[in-house]
1. 5 Å is the cut-off here: which amide hydrogens, built 1.01 Å from N in the peptide plane, fall below it relative to K123, excluding neighbours closer than 5 in sequence?
2. Given H placed on each backbone N at 1.01 Å, which residues far from M222 in sequence or on other chains put an amide H within less than 5 Å of it?
3. When every alpha-carbon pair in the stretch 105-230 is counted, what percent end up more than 22 Å apart?
4. Give me the Kirkwood hydrodynamic radius of the chain in Å, from all C-alpha pairs, to one decimal place?
5. I need the trypsin sites (Lys or Arg not before Pro) found in the stretch 91-152, filtered to DSSP loop residues with at most 15 other beta carbons within 10 Å of theirs.
6. At a Förster distance of 30 Å, what's the computed FRET efficiency of R201 paired with V156, Cβ-Cβ distance as r, to 0.05?
7. Write down, largest first, the equivalent ellipsoid semi-axes of the stretch 1-103 in whole Å, where each equals the square root of 5 times an eigenvalue of the alpha-carbon gyration tensor.
8. Can you tell which of L137, L105, L170 shows the greatest fluctuation in a Gaussian network model of the chain with Cα springs below 10 Å?
Amino acid sequence: MYYVIMDLEWNNAYSRKHNGFFNEIIEIGAVLADDSFRTLDTFSVFIKSQLGKKLSSRVKKLTKISNEDLKTGVTFPRAVKELKKWIGERDCVFMSWGNSDVRTLVENYKFFLGSDTVLIMKKYADLQKYCQDAMGLGSANQVGLSAAAMQLGIDVEKYETHRALEDCRLSLKCLRKCQSIYAKGALRDYVMNCDDSFYRRLAFKVHNITNIHNPKIDRSVMNCRCETCGEDMLRLSDWKVANQAFRSLFYCKSCNQLLLCSMRFKETFDGVFVITSLKKVEKQRT
C-alpha cells in the first residue's frame, strides 16, 4: 500500500457560471510514501488561473505565490493528468489535513472536467482527524496543521507553510509522530472507500443548530454540572442564542457561584454533537 499526502492552494475567484465566487485551485502538492511512511517521491505544479486573472492580496500574502508564478503553470485538466501519471498504477490511499482540500478538488473536477467524482482517488483518510484522535484532542474543534505540529514538538520554522508541497511534508511529519503514539494499525480505521457514501459525506455542510425547537436537539442534555464540585446546577434564565450557541445562566449551590453555560449543537454527517463550556460570572453587588 502507498500513501499520497496531498495539499492544495486556491484563490477565491468570481465565476459567472456560478454567479458567485469559486475556489479555483492554483497549486497542487503531493508526497508519495510507502507503508512505512518513508518519502518516495514528490509532486508540485502551479495551475494557470482560468477565472481569476489576479490573485487576491490575502492569497498572495499567505502563500507568497505571485501572478507571475501562475503564468508558468498548466491548466487544471493538464495538472490532473500529470498527477495521475505520477501516481501510475499504484494502489494508493489519498490523505489531506482535513477534508476542505478534497471538497475543493471535487468542485474543480466538476467545473473543469464535468465529473462529480475524483477518478484518481479510490481511498481516502482524513489526516487531521487521525492526528487529533492520536493526540487525544477529539474532533469537537479542528486543529490547524501548524498548531498540531507544534504540539507534537515539530519545528514548524523549517517548513514554508501555506505552500502545497511544504504542507504535505509537514503533514507527513505529523503522521509519523502520531504513528509512534497511537495504537498500531489504527490508521486503517480512518481509511474510507471513495464511493457514493463518501461523496455524500463530503457534500454535507456541517452547521450549528440554533432553533431550540428543532427535533434533532435533545432537550434532556440541556443541563449543566459544576466543573468545580460536579454537582447539578440550577438554571436561572431561559436559553438564548448567541454566536450560534445556546446560553443560559446557572447557579451552583455548593460553590455559591454563577456560571454562564454555553451549549453548541453541531450537526455533522454522522449526527449531532454537543459542545459545552462554562464561564464564571461575577455576582453583582447590591
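Values in this text are rule-based calculations from the coordinates and carry no lab data. Remember, predicted model here, so these are calculated numbers, not experimental data. Every residue, glycine among them, receives a Cβ derived from its backbone with ideal geometry; neighbour counts consider all protein chains shown.
1. Long-range HN contacts for K123: F94, C194.
2. none
3. 57
4. Over the chain, the inverse of the mean reciprocal pair distance is 21.6 Å.
5. K122
6. 0.50
7. 27, 14, 13
8. Its mean-square fluctuation being the largest, the pick is L137.
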